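Here the structure comes first, spelled out in structure tokens, and everything after it is commentary.
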Amino acid sequence: DGAGDGAGDGAGDGADGPVSTDAQDERWSADRFYEVVASRLTRTEWPDASMGKLITEHMLGRAPPTREPVKELMKKKIFRGALDTEKSKHVMLLALFSSPRRTRSGRTITQLQLMNEIQECCEAIPHMQREIRPAATFPDDVAHVARELSPRVIQFSGHGNAVRAGAYAGALAFERGGTLQPVPPDELIRLLREDCPDLQAVLLHGCHTLRPLGELIHREMPHLYVIGWDSLLEDKAAIAFCRGFYGKLGEMAEIELAGGPPASIHDAFAEAARCFEEQGFILGDPEDAAVSAKHGRRASGKFDIFMPASYQQQHVNSASSLFSAG
């Protein structure tokens, strides 16, 4: 009789053999387990009630094939708010884009193809780590947002060297209502120094931005990386360069947010240079006939980087300008 009872008790347990009634009670079915987890999550005291509701609805209230991946769920606005610590209020990149249509005297200015660059930025840099300001005015679109978000990299994309002499020499071409608004370099440097305490790098993405402006910024703020162009710059070459820079910076930002090492400006610049070359562009001044003759076609632009003083101290054999072309 006992053998028959044992066999009957264990019939539903297959090869595991008979188990006690207590063990059977403790062995939850998948449905029971799901119910318990859902119940506990529902009772959890979330920082925001809406957050708990969102989790139970999206992650527990749907069949597995229709549930959103956790990565997508965390992109929702409610979670960005929950992660809004003092550190997460800061951004990796403040990107300023400007292409004024006319000078103050009414002369037409050639329009730049900036939308492609903006798209590259949006696709590569995590939403929480970037702030983009098209048709940028100064100081309106820089001072307030710089103080609020404390960017680690500030980029300007647009016409450089808008004024070539006097106090405005090297000025960037910001705009106001479509009209050119050149900004004195000393005012720009003052804003960078006073309103950007976490600033690590300045990317000047436009023709003739490295000198005199980039050189002046580096002289006044030697702790910064300063990247710019020391020549005219083709639009397609500019896009290739920024694709590499944004891509690497965005990749490192994701790793850093996950607890990895901090993003490296040097690595982002190296990837930008690699991408520029890989796309078949020639590094050099397009107006330099010798460079064009050497390669059999016109060069696309000459970029360079000024390294921070701390980097130069660690690499004694480095010049302050790391990358150059003939």
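Return a yes/no flag: does the range 265-286 have any residue that is in contact (Cβ under 8 Å) with a residue 24 or more places away in the chain and over 19 Å from ALA238 (Cβ atoms).
Yes, the conditions are met somewhere in the range 265-286.
Could you tell me whether any residue of the range 201-218 is open to solvent by 50 Å² or more (accessible area, probe 1.4 Å), without any contact (Cβ under 8 Å) to a residue 12 or more places away in the chain, among the charged types (D, E, K, R) and under 30 Å from ALA167 (Cβ atoms)?
So far as the range 201-218 goes, no, none of its residues is open to solvent by 50 Å² or more (accessible area, probe 1.4 Å), without any contact (Cβ under 8 Å) to a residue 12 or more places away in the chain, among the charged types (D, E, K, R) and under 30 Å from ALA167 (Cβ atoms).
Of the conditions (1) of a type outside the set (Asp, Glu); (2) free of Cβ contacts under 8 Å to residues at least 40 places away in the same chain; (3) over 30 Å from ILE255 (Cβ atoms), CYS122 fails just one. Which one is it?
Of the numbered conditions (1) of a type outside the set (Asp, Glu); (2) free of Cβ contacts under 8 Å to residues at least 40 places away in the same chain; (3) over 30 Å from ILE255 (Cβ atoms), the odd one out for CYS122 is (3).
Anything in the range 287-320 that is at pLDDT below 95, under 24 Å from GLN200 (Cβ atoms) and β-branched (Val, Ile, Thr)? List them, or say none.
Across the range 287-320, the qualifying residue is only VAL316.
Look through PRO262, PRO222 and report the one residue that is open to solvent by 10 Å² or more (accessible area, probe 1.4 Å) and at pLDDT 95 or above.
Step by step, each of PRO262, PRO222 is checked, and only PRO222 is open to solvent by 10 Å² or more (accessible area, probe 1.4 Å) and at pLDDT 95 or above.
Which of the numbered conditions does SER231 fail, given that it passes all the others? Conditions: (1) open to solvent by less than 10 Å² (accessible area, probe 1.4 Å); (2) closer than 20 Å to PHE174 by Cβ.
(2)
Pairs under 7 Å by beta carbon, first residue among the β-branched types (Val, Ile, Thr) in the range 229-256, partner in a helix (DSSP H, G or I), six or more apart or different chains?
Pairs that qualify, where the first residue is among the β-branched types (Val, Ile, Thr) and the partner is in a helix (DSSP H, G or I), are ILE239/ASN116; ILE239/GLU117; ILE239/GLU120.
So which residues in the range 180-212 are over 20 Å from PRO151 (Cα atoms), among the aliphatic types (A, V, I, L, M) and under 24 Å from the mean Cα position of the chain (by Cα)?
The answer is LEU210, and nothing else.
Of everything in the range 136-182, what is without any contact (Cβ under 8 Å) to a residue 60 or more places away in the chain, under 20 Å from HIS218 (Cβ atoms) and open to solvent by less than 10 Å² (accessible area, probe 1.4 Å)? Give them in sequence order.
Selection gives VAL142, ALA146, GLY170, ALA171.
The values are calculated or read from the model by the stated rules, or taken from the named source; none is laboratory data. Keep in mind it's a predicted model, so treat the numbers as computed, not measured. Cβ sites come from the backbone with ideal geometry, for glycine too, and all protein chains shown count toward neighbours. Note: accessible area is taken over every heavy atom of the protein model, side chains too, but ligands, DNA and RNA are not part of it. Shrake-Rupley method; radii C 1.70, N 1.55, O 1.52, S 1.80 Å.
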